[in-house]
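All of the numbers you see were taken from the coordinates with simple rules; none came from a lab. As the structure is a prediction and not an experimental result, all values here were calculated from the model. Quick reminder, even Gly has a Cβ in these numbers, built from the backbone with ideal geometry, and neighbours come from all protein chains shown.
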Amino acid sequence: MPVKPHPEDYPKMAKIVERNISALFNRRKEEEERKTREERIADKVTKFTGSMFFVYLHLTLFGIWIIWNIGWLGFKAFDPSFVVLAMFASVEAIFLSTFVLISQNRMNIQADKRAELDLQVSLLAEHEITKLVTLVSAIAKKMDITEANDKEIEELARDIHPEKVMDTMEKLKKD
């Protein structure tokens, strides 16, 4: 059995990183608590059907069904043409795929929210970095540092407009 490490075994992190980790875990916990009964059921069914136990269970049940109905066990066949087995498997597949789709749809919504958050943080960071480049560049010019006149720094100091970036990307995709 693996030994759970103590918190003091981990390297010390910046308080902001610990705060962010805590915030993310709290958000996930809140999202878990907000799930409807139906979503919880769909998740449990999806988790169970995605397990090796489920595979072994089906191998056993279908194997017995087939062996029974081809006469190897010496019992009277109850589904000699395997029509009932095929119907059972088809109905099960319909329900299982529905449960999987329900779980996937919810996971896609969560992924979209996280991607939106990531985009917002990236845009904010880009804006902050641009302001810092502008400020440092002005300080460097005031101190008569030759690198302050670098054309690339001037370029980096310009604000990026996300809509222009997206327009350029869409234009390039079409070409």
Given the condition more than 23 Å from Thr46 (Cβ to Cβ) and of a type in the set (Val, Ile, Thr), answer yes or no: does some residue in segment 88-106 qualify? no
Would you mind finding the one in Leu123, Leu119, Leu85, Leu61 that is more than 30 Å from Asp159 (Cα to Cα), out of contact with any Asp or Glu (no Cβ under 7 Å at 6 or more places or on another chain) and not polar (S, T, N, Q)? Leu61
Which numbered condition in (1) in contact with a Ser or Thr (Cβ under 6 Å, 6 or more places away or on another chain); (2) hydrophobic (A, V, I, L, M, F, W, C); (3) without any contact (Cβ under 8 Å) to a residue 40 or more places away in the chain is the only one that Ala125 fails? (1)
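Kindly indicate which of Ala140, Ala86, Ala148, Ala77 is surrounded by 11 or more Cβ atoms within 10 Å (Cβ to Cβ) and either among the acidic types (Asp, Glu) or assigned to a loop (DSSP other than H, G, I, E, B) (or both).
Selected residue: Ala77, the only one of Ala140, Ala86, Ala148, Ala77 that is surrounded by 11 or more Cβ atoms within 10 Å (Cβ to Cβ) and either among the acidic types (Asp, Glu) or assigned to a loop (DSSP other than H, G, I, E, B) (or both).
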Answer yes or no: is there a residue in segment 10-17 that is loosely packed, with under 11 Cβ neighbours inside 10 Å, β-branched (Val, Ile, Thr) and without any contact (Cβ under 8 Å) to a residue 60 or more places away in the chain. yes
Within segment 111-131, is there a residue that is part of a loop (DSSP other than H, G, I, E, B) and of a type in the set (A, V, I, L, M)? no
Extreme residue, farthest from Gln110 (Cα to Cα), among residues of segment 33-54 that are of a type in the set (S, T, N, Q) and in contact (Cβ under 8 Å) with a residue 12 or more places away in the chain: Thr49
In segment 106-137, what residues are surrounded by fewer than 12 Cβ atoms within 10 Å (Cβ to Cβ), of a type in the set (Asp, Glu) and more than 27 Å from Glu32 (Cβ to Cβ)? Glu128
